[in-house]
Amino acid sequence: MLAQIGTRNLFAAVSLHGRFAQVRARAVKEQHRPFPGLAATAADQAVFSRQDVTGMLMGYWSPQLYAGMASPGFHLHFFER
C-alpha cells in the first residue's frame, strides 16, 4: 500500500475491499472508571482470527515523523461482510 501512496511522509486514508485468507484483529475489553492506562488495556485485549473471510479494511497511515502526536504506521479496522 505504501508504494501506491507514494511517500512515507504524509498521512493517507486507505480502504481495501476483498476476500482475505486470514484476518487477525484485536479489541479492548469494556472499561470502567477509574480507566486503566494504555499499557494495561493492551495487555488485557481480546484477539480474534478468521480464515477465508470477505470484508473491508479501512483506516489510515501515520508517518513516523509525527510519532508522539499519532502512532506511526497503519491503523486499520476490519468490517466483515
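Structure notes:
- Net charge dipole size for the chain [Lys, Arg +1 and Asp, Glu -1 on Cβ; Debye, nearest 20]: 40 debye
- The range 36-81: C-alpha gyration tensor shape, a/c 1.5 cut-off, then a/b vs b/c: oblate
- Accessible area per residue for the chain is 80 Å², calculated with a 1.4 Å probe on protein heavy atoms, without ligands, DNA or RNA.
- Expressed as a whole percent, the accessible area of the chain that falls on carbon and sulfur atoms is 55 (1.4 Å probe).
- DSSP bridge orientation in the chain - percent antiparallel, rounded to nearest 5: 95 percent
- Under Karplus coefficients 6.51, -1.76 and 1.60, residue-wise ³J(HN,Hα) of the range 2-10 in Hz, glycine/proline x: 4, 4, 6, 5, x, 7, 9, 9, 10
- Near SER62, the amide H atoms lying under 5 Å from its own belong to GLY73, PHE74, HIS75; only residues 5 or more places off or on other chains count, and H is placed 1.01 Å from N.
- Taking the square roots of five times each eigenvalue of the Cα gyration tensor of the chain, the equivalent ellipsoid has semi-axes of 24, 22, 9 Å, listed largest first.
- Accessible-area value, VAL47, 1.4 Å probe, nucleic acids and ligands omitted, Å²: 80 Å²
- Approximating the spin labels as points 7 Å out from Cα along Cα→Cβ, the MET56-to-ALA43 distance works out to 3.7 nm.
The values are calculated or read from the model by the stated rules, or taken from the named source; none is laboratory data. Everything quoted here is computed from the prediction, not taken from an experiment. Note: ideal-geometry Cβ built from the backbone for every residue, glycine included; neighbour counts use all protein chains shown. Surface areas here come from the heavy atoms of the whole protein model, side chains and all, with no ligands, DNA or RNA. Shrake-Rupley method; radii C 1.70, N 1.55, O 1.52, S 1.80 Å.
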